[in-house]
Amino acid sequence: MNTSPASVQVSDGFNVSTAAHFFKWWKQHLVECIPGPIRRRSQRAARPLLVSIADGKIWAAGGDFADSAVLEHTPLLSGDSSKLKPTALLIGERNGFRREVALPITVEDRLTQVLAFELDRLTPLKPDDLYYDFRVVRRDNVKGVCIAEVLAAPKARVDTMIAAARERGAEINRLVLSTSDVDHGMDLYKLSRKQDADAPKLAWLTPLLMLLCLALTLALVAYPIFKKRQYVIALMPIESMARAEAETATVLQRQLDKQVGDYNLLLKRKHATPIAVQVLDDLSKRLPDDTWAQSFEIKPQANTKVREVIVQGETGSGATLLQLVQGSPLLKEPVLKAAMTRVAPNAERFHFAGELISAAPPPGMTLADSVTLLATPMQVAPSNAAGAPQTAAKSAASPDASKSPSADSPKAAGTAAPAGSPPKGEALKGEPAKALPTQPGPAGAATPLPEKKP
């Protein structure tokens with residue numbers, strides 16, 4: 001026995017790579033071991049009723065092929081098409097062809113498919129237009145080929161014979177070219193009958209596969225959509241709850257922002273610019289001792305948000321006065337609005353103005369520090385503090401509050417001049433300047449600078 005990775009072959013070249021092939025080979029050799037007379041009697045007993053429409057002959061079942069009868073004078077067929085009898089049809093060598101074909105021994109398992117392609121080359125007809133059969137005659141292990149005997153007959157010619165045999169009462173279930181093919185088990189009708197029998201069995205397969213493909217397609221498309229729908233339905237209550245919480249948080253955030261903004265707005269307005277007291281204190285520290293002011297005014301410039309400080313008075317240090325004022329951090333670029341004029345040997349009248357610098361407001365309240373605002377609402381416009389003078393509120397509401405009266409008036413001085421005081425416009429050198437007691441007003445209110453007393 002020769003063994004190879006592709007197949008297993010015995011000494012006569014028969015492929016026994018599978019159990020079915022092995023039993024087929026074993027059966028064939030067991031039959032060959034039967035004595036010839038017994039084997040021939042067995043073959044003869046298995047012969048079917050044979051009829052030849054072309055020659056008009058008929059052979060009885062299990063009889064000798066040498067003993068033939070005339071088809072028209074035999075009672076073997078009833079002659080009634082309604083009472084058919086299983087019969088083998090002898091086509092005849094002239095109505096078909098017989099040929100030996102050498103093929104690779106490796107294709108022996110697929111001879112049916114291979115010979116279907118070979119018939120296109122051997123005949124001008126297609127395999128679907130032929131009744132054909134084959135048998136392996138011999139095998140050549142040296143050359144690696146097997147010799148197959150191919151028998152074929154045109155369907156158009158054979159169908160006519162089959163119809164004629166049916167009219168005589170024969171049910172054709174086997175086709176042979178010659179009487180010797182009967183003992184060799186040849187049957188040209190076998191492959192066609194097998195295809196016809198398999199066709200109804202497999203006819204349901206195509207619709208089933210189409211239905212299965214359609215079901216799989218629908219499953220692949222519909223199942224994910226269904227799962228997503230279930231997932232969305234499960235998330236809807238969570239989404240509704242989250243949306244309600246988000247809306248509530250948004251409302252609280254807006255309320256908190258508004259309260260923090262209202263709180264910080266007051267601080268910004270209060271500390272946006274220095275108050276008059278701070279300006280007075282800074283100028284009092286910078287001006288020399290021989291200087292006093294007759295008027296002090298803080299007013300906004302026209303069409304702008306800038307506030308301007310205007311100071312008029314007399315000084316004995318006119319050369320250095322402007323330099324001292326320019327060093328103030330509360331005034332921006334103070335300049336003389338009029339040239340200094342000498343009014344006394346040791347005194348000059350001055351008139352300067354400067355832009356009031358906006359102070360940096362203190363840090364406002366942040367949201368992190370505003371937890372208490374949620375529990376205690378803020379008052380947007382708080383009332384005046386207890387004990388606060390009403391004059392401050394009135395001066396803040398009056399549009400003319402930013403203007404201060406002249407230093408000559410009793411209101412500017414705050415109190416009447418005592419008896420024996422020096423006339424206005426004169427000051428004793430070496431005496432420190434004392435501020436007049438005045439009530440500081442709001443930012444922008446006119447407040448006189450402290451006058452010096454002897």
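The values are calculated or read from the model by the stated rules, or taken from the named source; none is laboratory data. Just so you know, these numbers come straight off a predicted model, no measurement behind them. Positions of Cβ are generated from backbone atoms using ideal geometry, with glycine treated the same way; all protein chains shown enter the neighbour counts.
Points worth noting:
- Glu171 vs. criteria over 24 Å from Arg99 (Cα atoms), touching a residue at least 12 places away in the same chain (Cβ under 8 Å), in contact with a strand residue (DSSP E or B) (Cβ under 7 Å, 6 or more places away or on another chain) and acidic (Asp, Glu): yes
- Residue pairs meeting the criteria (Cβ under 8 Å; at least 6 apart or on separate chains; first without any contact (Cβ under 8 Å) to a residue 40 or more places away in the chain, in the stretch 322-338; second outside any loop (DSSP other than H, G, I, E, B) and among the basic types (Lys, Arg)): Leu324/Arg286
- Residue list for the stretch 328-343, filter: over 22 Å from Pro300 (Cα atoms) and either not charged (D, E, K, R) or not assigned by TED's automatic domain parsing to the domain that holds Ala293 (or both): Ala339, Met340, Thr341, Val343
- Gly62 vs. criteria surrounded by 15 or more Cβ atoms within 10 Å (Cβ to Cβ), in a loop (DSSP other than H, G, I, E, B) and either outside the structural domain of Asn173 (by TED's automatic domain parsing) or at pLDDT 70 or above (or both): no
- Total residues in the stretch 149-168, condition among the aliphatic types (A, V, I, L, M) and without any contact (Cβ under 8 Å) to a residue 40 or more places away in the chain: 2
- Pairing each residue of the stretch 50-76 that is under 13 Å from Thr87 (Cα atoms) and free of Cβ contacts under 8 Å to residues at least 24 places away in the same chain with any residue that is of a type in the set (Asp, Glu) and exposed (fewer than 14 other Cβ atoms within 10 Å of the Cβ), provided the two are 6+ apart or on different chains, yields C-beta distances under 8 Å for Ala60/Asp67.
- Yes/no for Asp289 being assigned to a helix (DSSP H, G or I) and under 27 Å from Glu348 (Cβ atoms): no
- Residues of the stretch 128-138 satisfying the condition of being surrounded by fewer than 20 Cβ atoms within 10 Å (Cβ to Cβ) and either out of contact with any Lys or Arg (no Cβ under 7 Å at 6 or more places or on another chain) or among the aliphatic types (A, V, I, L, M) (or both): Asp128, Arg135, Val136, Val137, Arg138
- Matching residues, the stretch 276-296, being under 21 Å from Glu333 (Cβ atoms) and buried (at least 19 other Cβ atoms within 10 Å of the Cβ): Ala276, Val279, Leu280, Leu283, Leu287, Thr291, Ala293, Ser295, Phe296
- Only one of the listed residues (Phe296, Phe226) is assigned to a strand (DSSP E or B) and not acidic (Asp, Glu). That residue is Phe296.
- Only listed residue being in contact (Cβ under 8 Å) with a residue 60 or more places away in the chain, out of contact with any strand residue (DSSP E or B) (no Cβ under 6 Å at 6 or more places or on another chain), assigned to a helix (DSSP H, G or I) and under 19 Å from Arg349 (Cα atoms), chosen from Leu267, Leu283: Leu283
- Taking the criterion of being under 12 Å from Gln312 (Cβ atoms) and surrounded by fewer than 17 Cβ atoms within 10 Å (Cβ to Cβ), the residues of the stretch 322-342 that qualify are Leu336, Lys337, Ala338, Thr341.
- Residue satisfying all of: in the stretch 86-124; touching a Ser or Thr at 6+ places or on another chain (Cβ under 7 Å) and outside any helix (DSSP H, G or I); surrounded by the fewest Cβ atoms within 10 Å (Cβ to Cβ) among these: Gly92
The rows are residues; the columns are (1) at pLDDT 85 or above; (2) touching an Asp or Glu at 6+ places or on another chain (Cβ under 7 Å).
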{"position": "Asn173", "(1), (2)": "yes, no"}
{"position": "Ser178", "(1), (2)": "yes, yes"}
{"position": "Asp187", "(1), (2)": "yes, yes"}
{"position": "Pro200", "(1), (2)": "no, no"}
{"position": "Trp204", "(1), (2)": "no, no"}
{"position": "Leu208", "(1), (2)": "yes, no"}
